[in-house]
Structure formats: C-alpha cells, structure tokens
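Okay, so here's the structure we're looking at.
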Amino acid sequence: MFVNWSGLALCTFYICSFLLLPAKAKWTRLLGGLASVGRMSLTHYLLQTIVFVEITRSFSLYGKVGLAVGLLTCLVLFLCQIAASRWWLSRYTYGPLEWVWRCCTYAEVFPIRREKKSPQVS
C-alpha cells in the first residue's frame with residue numbers, strides 16, 4: 001500500500017513542479033523551445049510510437065534493452081523531434097496530422113503553408 005501511495009505522491013509532486021516552472025522567467029526562456037513540439041503533439045506521439053515499435057520489432061529488442069539504453073534512445077529521438085518541429089513550423093502553420101485533424105473537425109480545408117511576408121514598401 002505504501003508503494004501505491006508514494007507513487008501517487010511523486011506523480012503529484014512532478015505535476016505541480018512542471019506547472020510552477022513557467023512562473024519563473026528563466027524557466028520560461030529555457031522551456032520556450034518546447035512550444036513547437038507541443039503544437040505538433042499528435043504528430044510526435046504517433047511518430048514515436050511507429051519508430052519505437054519498428055526499432056523494437058526489426059532488431060528483436062523487446063525485453064532485451066535496459067532502462068539506460070531506452071532512455072538514451074528516447075532522448076535522441078526527442079531532440080530530433082524538437083529540431084524537426086522547429087523546422088516544420090517555420091514553413092507550415094500546423095503539424096501534418098494536426099492539419100488533417102483540424103480539416104476533418106471543421107469539414108473545411110485550411111491552408112497549411114505559412115504566408116511569406118512581403119517586404120514593406122515605404
């Protein structure tokens with residue numbers, strides 16, 4: 001019973017800590033780079049699932065990889081996703097699956113490309 005309650009207490013602590021981090025300007029600057037990943041969360045969630053299922057299945061790694069290797073693999077993929085989402089959102093308004101979801105939700109096709117800013121003429 002203690003293990004169950006301690007897990008719940010630890011989970012609550014983590015959630016509260018993450019919710020309080022943006023109150024400090026330093027953390028807002030540091031975590032601001034993750035905004036692009038949040039805007040493409042559906043795309044990244046499905047991409048991570050597909051990538052890890054394929055890696056595990058292709059190399060027969062299920063149950064054979066330790067926590068350290070798993071964590072390192074996750075961090076590498078997440079860093080790649082941060083870079084990819086920044087690149088994608090600099091050219092497009094939405095992530096690819098977010099755009100499909102939005103079009104299906106509103107039954108309307110929205111433009112996905114960002115409009116290029118034309119130079120201002122004085």
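Can we say THR49 is without any contact (Cβ under 8 Å) to a residue 24 or more places away in the chain and in a helix (DSSP H, G or I)? The answer is yes for THR49. The numbered conditions (1) closer than 24 Å to SER17 by Cβ; (2) surrounded by fewer than 14 Cβ atoms within 10 Å (Cβ to Cβ); (3) in contact (Cβ under 8 Å) with a residue 12 or more places away in the chain are all true for LEU75 except (3).
Pull up segment 31-46, narrow it to residues that are of a type outside the set (Ser, Thr, Tyr) and in contact (Cβ under 8 Å) with a residue 12 or more places away in the chain, then point me to the one that is farthest from ARG91 (Cα to Cα). Selected residue: LEU46.
Any read-out appearing in this document is the output of simple, stated calculations on the displayed coordinates, not a laboratory observation. Quantities reported herein were computed from a predicted structural model and do not represent experimental measurements. Because the Cβ atoms are built from the backbone with ideal geometry, glycine has one as well, and the counts that use them run over all protein chains shown.
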